[in-house]
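Trainee: My questions all concern the structure below.
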Amino acid sequence: MRSKLSIPSLIFVSLLVVAVGLAGFGFFGFQKDLAALNKSNQENISWSAMQLDMELLRFHDAILSLKNDEGLTERQFNQRFDILWSRVAIFQQGRVGERLRSYDSETNILGRLFAEIQAQAIVVENIDSVSPSEIDSLLGILEQYSIEIRGLSKSIFVGEEKIRSDLNAQMRASANSTLTLSIASVIFLLIGLTISSWQARRFKNLAHKNKLLAEIAENASQSKTRFLTMMSHELRTPMNGVLGLLALLRQSKTTEPQENIIEQAERSAQQMICMLTDILDFAALQNNDIELESKSFEIVQLVETLIDLFTPEARRAGIKLEVLYAGEGPLRIAGDFRRLKQIYTQLASYFVDLAGLRSISMEFKIEESELKTKIALTYASEGKGWNPDLVIGGRTDNSDSFAADALGPAVARGLISAMGGRIFLPPNPGDQVIIAVVVPILRLELSTVYVQLEMSSDVMATICKTALRDAPVCFQPPEKASDVHIILFETGGLDEAGKVSNLHKNFSNALIIAIGRPINPDIFDSVIHFPTQISEKIKPVIIGLAS
């Protein structure tokens with residue numbers, strides 16, 4: 001999702017861009033004018049014109065010295081002529097010459113002087129054999145050009161002074177403009193900083209308000225959870241009282257119609273208790289307060305539990321129920337059996353109560369490290385009036401409503417998500433409604449099964465080892481507690497429940513099997529009442545683990 005800038009942010013960015021643009025414009029304008037002034041100073045043609053006038057005078061004086069025999073040698077005279085020649089030649093080319101010729105465009109003094117010097121070159125070279133009249137003629141020519149060059153120098157001086165004056169004025173204007181633009185930039189920046197500071201305070205206030213709202217929402221959520229927990233316990237007590245009274249009433253002499261009424265009342269009370277449990281689980285899922293465990297169990301055990309629970313209900317509703325385990329995966333897996341049982345119980349209970357349902361098929365199989373379930377529903381009326389979105393969590397026609405009969409599937413979806421699984425509608429070209437459930441599990445495929453004995457007598461330990469002598473087991477304690485797969489526990493000792501609780505805590509992945517008659521069978525994963533049944537009941541489990 002793309003974030004959008006607020007209006008104050010846009011204004012601040014715009015002001016910043018304008019301020020930088022104005023400052024840059026003023027700076028580059030000032031740099032341009034400064035470069036033009038430096039260039040003008042480097043090309044001082046007034047000084048060049050004065051140098052040309054001075055060279056004419058020096059050559060004029062050199063001719064007089066040579067004429068009056070004042071000790072000037074021929075070599076010095078020729079050097080002076082060469083200097084004059086080069087000075088005039090330089091003014092005929094380059095940028096300096098171009099600017100000089102711009103002042104000399106009407107009179108062409110420089111061009112005529114250069115042509116005259118070329119014409120007098122022969123006279124200068126043979127100055128010793130030239131007659132006095134020719135020398136006087138040459139001096140006159142030089143004096144005339146010297147006067148014209150002097151006039152040209154004055155014109156150049158006046159023109160260059162005007163150019164420098166214009167450049168100075170332009171520099172002052174540029175400096176003023178730069179100063180103005182800089183002040184404007186500072187003002188824009190100050191305005192932008194003011195807006196940014198205001199926005200920062202606004203965001204700070206919003207963050208503070210959001211924090212307060214989050215705390216209020218958290219407190220409200222905790223209050224809701226505490227209320228639901230309290231109400232659940234408060235409602236369970238009278239419902240258990242109702243169930244107890246119904247059980248006492250069933251022991252008395254009742255007629256068949258009264259038995260049916262008592263059975264319906266007991267079923268309604270049990271449904272009420274289940275609904276209270278679902279509400280608590282739903283609240284825990286909303287608060288991410290669900291604890292998951294990992295223990296080994298038989299996948300067939302889950303299948304048989306669902307068959308035992310829902311076959312009578314499906315028969316009463318006239319629905320054909322089929323629950324099976326397909327595939328060649330391991331017989332035992334590791335996962336949260338209690339939560340998996342709750343997931344499929346919620347879904348099966350919801351499907352059994354659907355109107356118009358003709359059959360339910362739940363097929364379990366294991367692929368890689370996932371327990372996959374395909375639930376196929378067949379309707380007598382093509383499933384009209386029922387929306388699968390209530391199960392998989394899609395939007396209903398009224399997205400603001402929450403169907404009361406979808407509480408169970410909502411709890412199932414939450415548990416599936418907490419386990420890292422998913423529930424969805426796979427592509428299905430047939431007439432059935434197919435719902436797929438995928439839950440990650442841990443495959444238990446071992447070459448050796450580690451068995452730990454918790455026995456109060458050596459005789460019982462010997463009996464267990466003898467019964468399992470042909471099975472692929474190892475009774476030596478492993479290096480880590482997590483490697484223990486089965487614990488055989490002899491019942492009948494003191495503090496049986498406390499010892500089993502410690503075993504569950506220390507060996508979270510192990511299967512704890514009671515040998516004997518436990519006080520509370522529910523705390524064990526399985527119970528073997530007589531030692532003679534050890535070989536019959538434990539060997540299939542061990543073979544399943546080692547397959």
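Quick note: the coordinates plus some simple rules give every number you see, no bench work behind them. Computed from a predicted structure; not experimentally measured. Glycine also receives a Cβ, built like all others from the backbone with ideal geometry; neighbour counts cover every protein chain displayed.
Trainee: Provide the per-residue ³J(HN,Hα) series for the range 139-144, in order, calculated from phi with Karplus coefficients 6.51, -1.76, 1.60 and θ = phi - 60°, each as a whole number of Hz, with x at glycine and proline positions.
Mentor: Each residue of the range 139-144 in turn: 5, x, 5, 5, 5, 5 Hz.
Trainee: Sticking with this structure for a sec: Would you mind checking which residues have amide H under 5 Å from Ser456's amide H? H placed 1.01 Å from N; only 5 or more apart, or other chain.
Mentor: Amide H to amide H, under 5 Å and 5 or more residues apart or across chains, Ser456 pairs with Glu490.
Trainee: Moving on to the next point. Enumerate the calculated ³J(HN,Hα) couplings along the range 461-469 in order (Karplus 6.51 cos²θ - 1.76 cosθ + 1.60, θ = phi - 60°), each rounded to whole Hz, writing x wherever the residue is Gly or Pro.
Mentor: Values, residue by residue: 5, 5, 4, 5, 5, 5, 5, 10, 5 Hz.
Trainee: Something else about it: Below 8 Å between Cα atoms, with a sequence gap of 6+, how large is the relative contact order for the range 212-364 in percent?
Mentor: Working: 106 pairs, mean separation 34.6, N = 153.
Normalised by residue count, the contact order of the range 212-364 is 23 percent.
Trainee: What ranking, highest mean first, results for peptides 190-198, 205-213 when packing means the other Cβ atoms within 10 Å averaged over each residue? Walk me through the numbers on the way to the answer.
Mentor: Details: 190-198: 14.1, 205-213: 10.0.
Result, highest mean Cβ count within 10 Å first: 190-198, 205-213.
Trainee: Out of residues 5 or more away from Leu321 or on other chains, whose amide H comes under 5 Å of its own, with H placed 1.01 Å from N in the peptide plane?
Mentor: Ile360
Trainee: Whole-Hz ³J(HN,Hα) for each residue in the range 114-119, computed from phi via Karplus 6.51 cos²θ - 1.76 cosθ + 1.60 with θ = phi - 60°, x for glycine and proline: what do you get?
Mentor: 5, 5, 5, 5, 4, 5
Trainee: Is the shape of the range 231-277 best called rounded, prolate or oblate, per the rule: a/c under 1.5 gives rounded, else a/b larger than b/c gives prolate, else oblate, with a ≥ b ≥ c the square roots of the Cα gyration tensor eigenvalues? All intermediate terms of the calculation are to be shown ahead of the outcome.
Mentor: Values: a/c = 4.69, a/b = 2.07, b/c = 2.27.
Taking the square roots of the gyration eigenvalues as a ≥ b ≥ c, the range 231-277 is oblate.
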